[in-house]
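The structure under discussion appears below in the form of structure tokens.
The values are calculated or read from the model by the stated rules, or taken from the named source; none is laboratory data. Being a predicted model, the structure only gives us computed values, none of them experimental. Neighbour counts are summed over all protein chains in view; Cβ atoms, including those assigned to glycine, are modelled from backbone coordinates with ideal geometry.
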């Protein structure tokens with residue numbers, strides 16, 4: 001998962017790009033980068049680490065000159081964690097194009113070979129984002145125009161749609177001309193744009209989430225539609241066109257469950273309200289299936305599950321309490337490379353308040369259960385704090401299959417729910433009762449906000465992938481995502497640094 005942003009302004013954009021990336025920091029904590037243009041020259045800085053680490057001094061910001069630019073925050077789902085794979089990427093031909101990408105191309109291996117053999121383009125990293133940049137550049141190059149036009153942009157994006165499969169939300173900057181934003185034909189990853197009126201004229205921003213816009217005074221115009229491209233010229237003219245032949249919404253459900261900020265509006269759905277509905281439906285499931293429950297207290301596992309847990313408690317008429325203090329300087333545990341590291345990190349990340357657990361029947365609520373490592377450690381911590389019984393509720397259904405569209409969920413064999421019944425998962429986690437959200441209830445929680453969303457990417461729950469990948473792809477994915485492979489990449493990246 002990554003966060004992307006692009007701005008066309010009447011003033012220098014470096015500070016706004018920085019501020020926007022800090023708002024999107026939750027979408028990627030591995031690396032950050034910004035590239036700006038003054039119409040003639042590019043200025044680029046990208047580095048491993050958080051936004052504040054990548055741009056530590058005022059000199060870093062002063063060097064990023066220009067009224068147009070794009071930015072990116074990353075955690076890697078393809079390639080390695082090497083600083084060389086931090087985005088944005090740049091290619092000189094044609095026109096000078098910089099690109100930042102959120103998602104994952106499922107045919108990147110074939111595309112890389114195709115670019116080498118047929119297009120004579122060379123890919124220098126393992127990143128599928130560099131592949132996507134070169135596909136877009138080659139599609140523009142084919143048009144052989146002296147100067148890029150909106151029609152050229154839209155024809156090139158249409159070419160990308162024909163060649164690329166998987167998930168991709170993209171911002172790209174043509175050095176002299178403007179900024180492009182486009183979304184894959186299924187709209188799996190989010191992308192939105194807005195405007196802000198100034199004395200000099202209207203500024204525009206494209207970003208992964210609406211919060212990046214509204215926190216800087218931009219008014220939301222709308223979500224970019226699946227398959228659509230929007231082109232904002234350097235002088236502030238906006239052009240938009242549907243570039244896919246059969247676009248449809250197959251939005252990722254996990255965005256609403258976990259990744260998006262609760263204050264975001266995504267495909268016209270308020271994420272906070274969707275999570276409230278998830279908690280309400282979990283409570284209804286308890287009322288229907290466990291009428292004589294003996295829950296004394298409902299406690300969220302911070303942070304994402306708070307909204308659902310509070311709504312669940314209010315619906316059931318059960319006390320809600322905060323039972324964990326979170327260290328906010330520990331990264332997300334399910335993407336850490338080794339099992340030992342993940343277990344150690346859980347204890348450093350969360351510290352229980354014993355008096356909230358002692359002698360009580362506790363219902364823990366989390367947004368999801370992926371590997372189960374974090375959940376198992378937390379359950380043991382709660383028992384050590386003196387809980388009488390420990391129950392567990394997940395705001396999403398069992399995660400049984402890997403994600404291939406930009407969320408670095410592990411190989412299927414590492415998922416605690418893969419090939420296990422609910423009872424077996426409960427035993428593995430060490431809980432007295434385990435409740436999962438039903439898939440239909442989860443989908444309804446989102447569609448109540450926008451009834452035009454009728455189909456979702458729910459592949460992590462069902463194993464059904466909209467791009468129809470074959471067994472060979474998943475066999476390769478299994479190897480690539482195995483813990484041993486990840487640890488090798490981390491070591492290799494340390495050498496790069």
task: Just give me the residues in segment 417-447 being over 21 Å from residue 286 (Cα atoms) and touching a residue at least 40 places away in the same chain (Cβ under 8 Å), in sequence order.
output: 428
message: residue 140 - would you say it is touching a residue at least 40 places away in the same chain (Cβ under 8 Å) and within 22 Å of the chain's Cα centre (by Cα)?
response: no
message: If I filter segment 384-403 for residues that are in a helix (DSSP H, G or I) and crowded, with 19+ Cβ neighbours inside 10 Å, do I get at least one hit?
response: no
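Let's see how each residue does on (1) at pLDDT 95 or above; (2) under 24 Å from the mean Cα position of the chain (by Cα); (3) in the same structural domain as residue 186 (by TED's automatic domain parsing):
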| residue | (1), (2), (3) |
| --- | --- |
| 420 | yes, no, no |
| 426 | yes, no, no |
| 454 | no, yes, no |
| 457 | yes, yes, no |
| 462 | yes, yes, no |
| 474 | no, yes, no |
| 479 | no, yes, no |
| 487 | no, yes, no |
- request: Considering only segment 1-95, give the strands (runs of 3 or more DSSP E) lying wholly within it that have at least 2 residues that are more than 24 Å from residue 193 (Cα to Cα).
  value: 42-48
message: Among the residues that make up segment 249-272, is at least one of them farther than 15 Å from residue 443 by Cα, part of a helix (DSSP H, G or I) and not assigned by TED's automatic domain parsing to the domain that holds residue 68?
response: yes
statement: Across (1) part of a helix (DSSP H, G or I); (2) modelled with pLDDT under 90; (3) in contact with a helix residue (DSSP H, G or I) (Cβ under 7 Å, 6 or more places away or on another chain), residue 341 clears everything bar (3)
message: Tell me yes or no: at least one residue of segment 38-50 is buried (at least 24 other Cβ atoms within 10 Å of the Cβ), at pLDDT below 95 and under 25 Å from residue 214 (Cα atoms).
response: no
